[in-house]
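Asker: What follows is a structure written as structure tokens; I'll ask about it next.
The values are calculated or read from the model by the stated rules, or taken from the named source; none is laboratory data. As the structure is a computational prediction, the values presented were derived from the model and not from experiment. Neighbour counts run over all protein chains shown; Cβ positions are idealised from the backbone, glycine included.
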């Protein structure tokens, strides 16, 4: 249970930033 | 129900309960270790006491008695400390937002609003394309107009040159010159007719 | 506000004090009664050693945990975050449990930026196209005018041509 909590919390911390990087790349490419 | 304290885990990288469990186990191990050391020392000291009638089993019972007492207090005190830790140290107050979640406060977007935003962007992209095509079409027509205008101007120039030719040869205006040629030729005809008549 | 690190140290100290107070020398000698009767000074020394060792081990453990998890820095940064956010009274946002939902606000600023860029782009292009359209209309008028002029000149020449043909006919006679 503890590992699941830490795993989810870590994803909540890291994934938005990672997804953001991809989205920004996509937006830039679209713009170009 | 257990509070998983996921928001704290997001900040600390571990769950506060695990941290406390880790501290509890470590403290408890030390308590046992120190008790064991105490017992070892006492047994060793006893060996050095002549005629000592205390047996190691008795000492073991003393140790267990003291440890049991200490362990009871230890658990009670540690439970209180753990509560304080979880409430005052390893806790994100409910009114606090972590920096990485600042955007949730600044841009509270629901899924519906977000979809609307994406729809608006798609429409704008379409509009962008339409404007680009319009621009190309307009530029193409301007290009065409330029060619047509050049052609028409060439034609007008041609007419001008024709007139200039006429002018260079003494006839400023073709129409008048033609009229005068027609009149002159009619005069010539009359003269010729007269001449023929007189010669008869 | 007391810093979390200070709170932590205070709590551990309190815990130790109370633990030691519970495991008093009195209690210790009650348990090791016979040995204490035989060797009272030794018992005192062993008890003191017990207390010192227990305190040292627990304090060392706390330092290790602080060291390992860089806890002091983390707790100080939490102090800062709490200090910065203390104006807000109502409960703050928390993850909803649906990542897609939570992501909307993360991505929103960038999509808003893209929307604004596109808006500016469209407005700029529309303005440019407006000018181009006017230029095209003016060009069309210009072409019509030139066409009219050419037509007029052409008709004049055709009329001339007819007259010349008449002349030629007359002259031929």
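Asker: Could you run through segment A:7-25 and say how many residues are within 18 Å of residue C:104 (Cβ to Cβ) and surrounded by fewer than 12 Cβ atoms within 10 Å (Cβ to Cβ)?
Answerer: Count: 4.
Asker: Looking at (1) touching a helix residue (DSSP H, G or I) at 6+ places or on another chain (Cβ under 8 Å); (2) without any contact (Cβ under 8 Å) to a residue 60 or more places away in the chain, which one does residue C:84 not meet, given that it meets all the others?
Answerer: It fails just one condition, (1).
Asker: If I filter segment B:1-21 down to residues being touching a helix residue (DSSP H, G or I) at 6+ places or on another chain (Cβ under 7 Å) and more than 10 Å from chain A (Cβ to nearest Cβ), which single residue comes out as farthest from residue B:72 (Cα to Cα)?
Answerer: By that ranking, first place goes to B:16.
Asker: Right, next: Can you pull out the helices (runs of 4 or more DSSP H) entirely within segment C:1-63 that have at least 1 residues that are over 30 Å from residue C:75 (Cβ atoms)? Explain how you work it out, then say what you get.
Answerer: Values: elements: C:4-22, C:25-31, C:33-38.
Result: C:25-31, C:33-38.
Asker: Can I ask one more? Suppose the filter is in a helix (DSSP H, G or I) and in contact (Cβ under 8 Å) with a residue 40 or more places away in the chain; does residue B:86 pass it?
Answerer: For residue B:86, the condition - in a helix (DSSP H, G or I) and in contact (Cβ under 8 Å) with a residue 40 or more places away in the chain - is met.
Asker: Could I ask something else about it? Could you tell me how many of the residues in segment B:22-45 are within 9 Å of another protein chain (Cβ to nearest Cβ) and under 21 Å from residue C:71 (Cβ atoms)?
Answerer: Within segment B:22-45, residues that are within 9 Å of another protein chain (Cβ to nearest Cβ) and under 21 Å from residue C:71 (Cβ atoms) number 6.
Asker: Name the single residue, out of those in segment C:10-39 being more than 7 Å from chain B (Cβ to nearest Cβ) and in contact with a helix residue (DSSP H, G or I) (Cβ under 8 Å, 6 or more places away or on another chain), that is nearest to residue B:85 (Cα to Cα).
Answerer: C:12
Asker: Additional query: Condition first: over 23 Å from residue C:100 (Cβ atoms) and facing chain C (nearest Cβ under 7 Å). Now tell me which residues in segment B:83-123 satisfy that.
Answerer: B:84, B:85, B:88, B:89, B:93, B:94, B:95, B:96 - these are the residues of segment B:83-123 that are over 23 Å from residue C:100 (Cβ atoms) and facing chain C (nearest Cβ under 7 Å).
Asker: Please state which one of B:77, B:152 is touching a helix residue (DSSP H, G or I) at 6+ places or on another chain (Cβ under 6 Å), surrounded by 14 or more Cβ atoms within 10 Å (Cβ to Cβ), without any contact (Cβ under 8 Å) to a residue 60 or more places away in the chain and within 30 Å of residue B:40 (Cα to Cα).
Answerer: B:77
Asker: Out of everything in segment C:89-125 that is over 30 Å from residue A:10 (Cα atoms) and surrounded by fewer than 16 Cβ atoms within 10 Å (Cβ to Cβ), what residue ends up being modelled with the lowest pLDDT?
Answerer: Only one residue fits best here, namely C:117.
Asker: Within segment C:78-96, can you find the residues that are in a helix (DSSP H, G or I) and at the interface with chain B (Cβ under 9 Å from one of its Cβ atoms)?
Answerer: Of everything in segment C:78-96, those that are in a helix (DSSP H, G or I) and at the interface with chain B (Cβ under 9 Å from one of its Cβ atoms) turn out to be C:78, C:81, C:82, C:84.
Asker: Shifting gears a bit: Within segment B:27-61, how many residues turn out to be part of a helix (DSSP H, G or I), crowded, with 17+ Cβ neighbours inside 10 Å and without any contact (Cβ under 8 Å) to a residue 12 or more places away in the chain?
Answerer: Going through segment B:27-61 one residue at a time, the tally reaches 3.
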